[in-house]
Structures are given as structure tokens and as C-alpha cells.
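Q: Please find one structure pasted underneath; my questions will follow.
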Amino acid sequence: MLLFRMRFLLLSSCLLILASCSSVYKNLKPAGGDVRDIKKFAPDFTNVLYKTEVDVIGGHHLSGLLLIKTLPDKSVRMVFSNEMGFKFFDFEFKPDGGFKVYYIIKQMDKRPVIITLQKDFELVMMRKQNPSTGYIRKDDKYLYYVFPQEKGANYYITNKAGTELIRMERSSDRKPVVQAIVGGIHDGVADTIGISHKNFKFNIGLKRLKR
């Protein structure tokens, strides 16, 4: 009886390990279409201001205004400050994929935090897309535009017709680690953007301020 229980526990443990290692994307099927079509959902950040809430690792909460502006050379400058003008961070995303930190407050000046912010906003801006390596998958409800990254992939998920962007995901090989939802798009500008991390507390909420 004891031997049977040990074998049962061992088998159960192995099944749990296999389940935890299984990819949530494993049942997706190849789909036709042009992976470049997803660019029609790329947000227009010519000059937009968002009321912003950020919950950062370590229990820090920041709120203020995020100005996103596209410069003449197509770089995107992103400045987050409180309503009194005190800056939390000042980033630039260059058209060639480069990234520059002009300023970041001491509490956030940690490489993992900076990299996380960089990748989160690159996901939303649809900047890390290589059509030559991208591909499309599908399930019963959605299309998945997949762009492999150095680690994992960026997924842009639409309805089956490809006419509505449902959500964006940055994933490991097995599951989403970040999800972003864009709402209320008017003239290419999103009224709201929500970014949430699945493995730790790091959330960003943006609400557009019309000027």
C-alpha cells in the first residue's frame, strides 16, 4: 500500500511538472495573411498627454502626467512627471531601435526596472516587429500576430476578422508575462492603455487628457 501511494505521488508530481511546462500557445494553428497588417493598430503618439498611474516593485506608487511626442527624426520622447513638473523619467525611443535614458529618479534607477519600462512601451508602440521572422497563428476566436524576440515573443491578438485589436502580450516560451490593453482609439490615439505584469507587481495605467 505504501509503495502504491509513493508511485501515485510520484506520478502526480510528474504530471504537475509537465502541465506547468506546457505552453498556453501550443494549440494555435497556422493562419494565412500578411503579418505587417498589424501595423494598422500602431498608436499615433505624435503629441499626446496621459494621466498616469504606476505601481512599481517595492510598493512605490507614482502618479502624474506622461507626455509622448514624436520628434522630427521619428524618435519618440516620453517624459513622466508629476503635476508640479518634477520628472520621474525621461526616455527616448530611437527609430533604429535604440533607447536612451535622459533621466530617471533614484528609486527607479535600477537596470531591471528600466528594461521593464523599455520593453513595456516598445510592446505598446509596436516597435519590436520584424516582418521577416513574424508569423500569424489562430484559434477558434482570435488571430495571433507573433514577433519572436531574444527571449519569448510579442503577441498582438485580434478578432478572427483582424479588424479589432483585443490585447497585446509579451511572453516567455510558455505563457504571457505582460499584457497590455488599449481602449477607445480615436484617430489613431488610444484613450486608455493598461499594462499589467503577471509575475510581479508592476502596473501602468494611462488615461488620455484632451488638450
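Laboratory data are not the source of any read-out in this text; all were calculated from the coordinates shown. Everything numeric here is computed off the predicted structure, so don't read it as measured data. Quick reminder, even Gly has a Cβ in these numbers, built from the backbone with ideal geometry, and neighbours come from all protein chains shown.
Q: R0 = 45 Å: FRET efficiency of ASP34 with GLU92, Cβ-based, nearest 0.05? Let's see the in-between values first.
A: Values: r = 30 Å, r/R0 = 0.67.
With a Förster radius of 45 Å, E is 0.90.
Q: Give me the net charge for the shell around SER81: Cβ to Cβ below 13 angstrom, other residues only, Lys and Arg +1, Asp and Glu -1.
A: So the surrounding residues net to +1.
Q: Amide H neighbours of LEU209 under 5 Å, at least 5 residues apart or on other chains, H built in the peptide plane: list them.
A: Residues meeting the criterion, in which the H sits 1.01 Å from N, are LEU49, TYR50, LYS51.
Q: Given points 7 Å out from each Cα along the Cα-Cβ axis, report the GLN107 to VAL24 separation in nanometres with one decimal.
A: It works out to 3.0 nm between the two label points.
Q: Here is a further query. Using 0.36 nm per residue, how much length does the chain from GLU83 to LYS198 gain when fully extended, once their Cα-Cα distance is taken away?
A: Length gained, GLU83 through LYS198: 38.5 nm.
Q: How large is the convex hull of the Cα atoms of segment 136-207 per residue, expressed in Å³ as a whole number? Display every interim value, and only then the final one.
A: Details: hull volume 7.3 nm³, N = 72.
Once divided by residue count, the hull of segment 136-207 is 101 Å³.
Q: Something else: Would you mind calculating the gained length between ASP73 and ILE114 on full extension (0.36 nm times residue separation, minus the Cα-Cα distance), in nm to one decimal?
A: So the chain would gain 12.4 nm between ASP73 and ILE114.
Q: Okay, next question. What distance in nm lies between label points placed 7 Å from Cα along the C-beta direction at ILE166 and LYS207?
A: Taking the simple label geometry, ILE166 and LYS207 are separated by 2.7 nm.
Q: Anything over 22 Å Cα to Cα? Flag those among LYS69/LYS119; LYS40/LYS151; LYS40/LYS69; LYS141/LYS201; LYS87/LYS110; LYS110/LYS175, in the order listed.
A: Those over the limit are LYS40/LYS151; LYS141/LYS201; LYS110/LYS175.
Q: Which of the peptides 124-132, 75-83, 98-106 is most tightly packed, and how do the rest follow, judged by the mean count of other Cβ atoms within 10 Å per residue?
A: 75-83, 124-132, 98-106
Q: Between the DSSP loop rule and a limit of at most 16 other Cβ atoms within 10 Å, which trypsin sites (Lys or Arg not before Pro) in segment 132-178 are left?
A: Passing both the DSSP loop test and the Cβ count: LYS141, LYS151, LYS160, ARG174.
Q: Using Cα-Cα distances under 8 Å and only pairs 6 or more residues apart, what relative contact order does the chain have, in percent?
A: After rounding, I find 19 percent.
Q: For ASN47 and TYR135, what is the calculated FRET efficiency with R₀ set at 45 Å and r taken between the beta-carbons, to the nearest 0.05?
A: According to the calculation, E is roughly 0.85.
Q: Using the Karplus curve 6.51 cos²θ - 1.76 cosθ + 1.60 with θ = phi - 60°, work out ³J(HN,Hα) for each residue of segment 194-201 in order, rounded to whole Hz, and write x for Gly and Pro.
A: For segment 194-201, the Karplus curve yields x, 10, 10, 9, 9, 9, 7, 7 Hz.
Q: Among GLY194, TYR144, SER171, flag the residue with its Cα farthest along the positive direction of the charge dipole of segment 124-204, charges on Cβ as +1 for Lys/Arg and -1 for Asp/Glu.
A: SER171
Q: Next up: Given +1 on the Cβ of Lys and Arg, -1 on the Cβ of Asp and Glu, and no further charges, what dipole in debye does segment 28-209 carry about its Cα centre, rounded to the nearest 20?
A: 400
Q: At a 10 Å Cβ-Cβ cut-off, how would you order THR46, THR52, fewest neighbours first?
A: The most exposed by this proxy come first: THR46, THR52.
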